[in-house]
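Structure first, commentary second.
Just so it is clear, none of the values below were taken in a lab; they were calculated from the coordinates. Small disclaimer: the values here were computed from a predicted structure and weren't measured. Note that each Cβ is placed from the backbone with ideal geometry, even for glycine, and that neighbours are counted across all protein chains shown.
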């Protein structure tokens with residue numbers, strides 16, 4: 001999900017299988033704040049506004065479930081935003097790489113990483129070059145291999161503990177814990 005703020009393109013989140021997008025605008029008078037662009041082949045389910053309105057009007061259990069999901073997504077987005085934008089760029093970049101790693105690979109361009117960090121691409125490129133020189137990562141076309149997650153955790157100011165572990169780990173989104 002991306003948004004333009006003051007002429008700057010910012011990536012707010014990367015959506016994954018099962019994520020919901022665009023439902024907030026169906027419940028209010030607001031326009032769509034975010035845009036979405038698929039990074040790979042994607043199948044989407046479209047639920048028209050009338051259908052969603054009918055579902056939540058006639059089914060209190062669905063309404064409750066939808067609201068719980070909305071509250072969870074909101075809380076997760078706040079945690080993600082704070083973890084991504086707080087502090088110096090180097091530990092923020094390490095945290096972001098760790099949070100976006102799937103099977104040892106971050107499948108994002110450097111432009112997308114810069115947009116997610118709210119930082120200029122040349123600054124992000126310098127940090128990634130430092131990580132690569134330290135053999136923490138290997139930059140490839142449109143992806144980054146994470147070679148040393150423990151080293152990145154050290155830079156991020158975290159202890160090397162398993163996902164879902166004790167305080168100090170990067171918050172994991174609910175779908176990543178299953």
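Extension gain, residue 81-residue 135: 0.36 nm per intervening residue step, less the Cα-Cα distance, totals 16.7 nm. Between residue 14 and residue 43, full extension at 0.36 nm per residue minus the direct alpha carbon distance yields a gain of 8.9 nm. Normalised Debye scattering of segment 17-88 at q = 0.12, 0.13, 0.16 Å⁻¹ gives log10 I(q)/I(0) of -0.44, -0.51, -0.75, counting only Cα atoms as equal scatterers and leaving out solvent.
In Å, the Kirkwood hydrodynamic radius of segment 1-155 over pairs of distinct alpha carbons? Show your work: numbers first, answer last.
Working: mean 1/r = 0.0575 Å⁻¹.
Taking the inverse mean of 1/r over all distinct Cα pairs, segment 1-155 comes out at 17.4 Å.
What FRET efficiency, computed as 1/(1 + (r/R0)^6) with R0 = 22 Å and r the Cβ-Cβ distance, is obtained for residue 126 and residue 150, rounded to the nearest 0.05? That gives a FRET efficiency of 0.45.
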